[in-house]
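Here's the structure we're looking at; comments come further down.
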Amino acid sequence: MFKKLLVANRGEIALRIMRTCREMGIRTVAVYSTVDRNMLHVRYADEAYHIGEGPPLESYLNYQKIIDVAKTAGVDAIHPGYGFLSERSAFAEACGAAGVTFVGPSPKAITHLGDKVAARRTMMSASVPVVPGTEGRVEPDEAVRLAPGIGFPLMIKAAAGGGGKGIRLVRSESEIENAVRVASSEAQSAFGDGGVFLERYLSPVRHVEVQIIADKHGNAVALGERECSVQRRHQKLLEESPSTVIDQPTRERMMAAAVAAAKASGYYNAGTVEFLYDPASREFFFLEVNT
């Protein structure tokens with residue numbers, strides 16, 4: 001059992017973690033930027049440390065400052081919450097190097113599943129259904145050559161990152177070369193990685209996510225699904241659980257696929273496996289894993 005835990009986040013995300021820690025008898029450490037010094041999570045924690053000015057790059061995204069606080073405060077573990085550093089493998093590695101447990105999956109899993117092309121290959125090897133598309137990253141010229149075989153309309157997607165960045169819908173062959181260049185440029189700016197791949201555009205479909213949790217001994221369970229189809233610019237606005245469009249046999253197949261995805265990638269801790277679901281055919285396809 002941890003005795004002291006640093007929460008590398010802010011606001012209600014940090015508060016939820018700290019309240020659970022208090023119930024478990026674990027002392028908590030908050031970090032805060034200058035503009036957040038009076039926030040509730042700072043006052044609620046047992047200890048609080050200033051880590052920089054308002055811009056996240058100078059505070060919550062500066063993981064060396066957070067590691068320094070962890071050493072000063074003598075914590076056993078760091079919980080990243082979600083957003084910020086939660087999906088940065090370099091931060092997870094830095095925690096391990098400092099002798100502090102990172103509350104999350106391994107750096108290897110974060111890196112592997114953060115690359116959507118590598119993740120697709122892993123899912124295919126585990127017989128988890130994936131949306132038809134390219135096996136690897138593509139350059140503009142190659143995309144033009146491969147697109148007709150996938151069929152139109154299709155999606156160009158960033159290999160790294162998420163949050164709707166680096167995604168373009170292409171409806172005809174004449175659009176694809178320019179769309180690949182634009183998506184690649186956007187991905188490079190957002191994630192530092194301009195790699196893209198092609199995927200068939202499925203419509204109408206539902207966006208359904210399955211929550212999983214796994215341990216380091218090869219055990220994994222699915223905890224249920226969320227309907228996340230109400231979106232704007234590929235960003236989720238509402239989530240509903242359980243999904244109202246999935247019947248029980250399909251739900252069981254989707255849960256099994258999510259568990260297979262976790263085991264195939266050597267995943268442990270909590271995570272989300274995202275699927276696209278076609279209500280007409282009752283087929284679903286792997287989209288990505290949020291680590």
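The values are calculated or read from the model by the stated rules, or taken from the named source; none is laboratory data. All of these numbers come straight from a predicted model, not from anything done at the bench. Cβ sites come from the backbone with ideal geometry, for glycine too, and all protein chains shown count toward neighbours. Note: accessible area is taken over every heavy atom of the protein model, side chains too, but ligands, DNA and RNA are not part of it. Shrake-Rupley method; radii C 1.70, N 1.55, O 1.52, S 1.80 Å.
Looking at (1) within 25 Å of Glu283 (Cα to Cα); (2) open to solvent by 70 Å² or more (accessible area, probe 1.4 Å); (3) within 24 Å of the chain's Cα centre (by Cα), which is the only condition Arg171 fails? The failed condition is (3).
Please verify whether Val180 is open to solvent by less than 80 Å² (accessible area, probe 1.4 Å), aliphatic (A, V, I, L, M) and outside any helix (DSSP H, G or I), treating the condition exactly as stated.
Here the answer is no, as Val180 does not meet what is asked.
Mind checking whether some residue in segment 245-267 is touching an Asp or Glu at 6+ places or on another chain (Cβ under 9 Å) and among the aromatic types (Phe, Trp, Tyr)? There is no residue in segment 245-267 that is touching an Asp or Glu at 6+ places or on another chain (Cβ under 9 Å) and among the aromatic types (Phe, Trp, Tyr). Contact map, segment 5-32: first residue open to solvent by 20 Å² or more (accessible area, probe 1.4 Å), second residue assigned to a loop (DSSP other than H, G, I, E, B), Cβ cut-off under 6 Å, separation 6 or more or different chains; pairs are Ile13/Gly81; Arg27/Asp46. Per this entry, Ala264 is counted among residues that are out of contact with any strand residue (DSSP E or B) (no Cβ under 6 Å at 6 or more places or on another chain) and either touching a residue at least 40 places away in the same chain (Cβ under 8 Å) or not hydrophobic (A, V, I, L, M, F, W, C) (or both).
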